[in-house]
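Below is one structure; the comments refer to it alone.
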């Protein structure tokens, strides 16, 4: 490329993201060393299970770390270059046909740049994210110009917009809840086993302070994983029961009104009459919650697991003045 170094915007995965593969690798290595380097009297079946858990953690860690190390985006006056595990790719600015924030089911924003039938989509947790967005907006040659926005919630996107719980949402959430429960049980088994190691005479009696400190760090890490898994497990079961009761509800957004249809009838609220948009947490964790759109006379409530939640939220905020999610 002919651009000067200072004219190039370089984006890599943020340093804070590396903690996830590091934690997985550390836990796998520690657990493997304890069970296969230090002599222990485990049965063969138990050793095979432990080996599979360690390999799964290690492979996941190495795969994530490899992706983090390779992924890079470069933008200059000629176009956009990006590198993945399959190598470098390049598209000139003249081929950009769209750019937007991609709808996601979680809270992590994803950015997408479209080049005709090709698309670059990536996690927003990268360095120089805002600089890259400005670069794309200023260099692309889309007729009439365009601002960054959530795909499906922009003024140029089609109306009306329907938001409903998919037919596979209840069984899908049930399967997720069962899988989370199994995962929680497996992680709890590992944590309990590590906790028992702190009283193992193989490490000396009494245990050396350095060894005790190491075990303490591993125990704390394991407990954090258990708490995280317990939270996701609780949320999965709560989501399944909540959606099961509201699976027939539909929320429709038109240029003039927000409409909710369900077993109890329908509610219509013009955009100009919306006074508040609130997030109302449910359960002791406060993670799975409902959203409430309030006017002086009516309310519209929907769950946080409704289809295309991010688009629905962006549509509400884009069509109301001065509101934010409270």
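None of the figures in this text is laboratory data; all of them are computed from the coordinates on show. These numbers were taken from a predicted model, which means no experiment stands behind them. Using ideal geometry, Cβ is built from the backbone for each residue, glycine included, and neighbour counts are taken over all protein chains shown.
Working note: Cα gyration tensor of segment 50-180, eigenvalues times five, square-rooted, sorted largest first, giving semi-axes of 31, 25, 11 Å. Taking other C-beta atoms within 10 Å as the exposure proxy, 186, 15 rank 15, 186 from fewest upward. The fewest-to-most ranking of 228, 306 by surrounding Cβ atoms within 10 Å reads 228, 306.
For segment 219-278, what D do you get in µm² per second when you plug the Kirkwood radius from alpha-carbon pairs into Stokes-Einstein at 25 °C and 0.890 mPa s?
The estimated diffusion coefficient comes to 166 µm²/s.
Each of 90, 302, 71 has some number of other Cβ atoms within 10 Å of its Cβ, and from fewest to most they run 90, 71, 302.
What is the mean projected area of the alpha carbon convex hull for segment 248-318, to one decimal in square nanometres?
Average of the hull's projected areas for segment 248-318 equals 5.0 nm².
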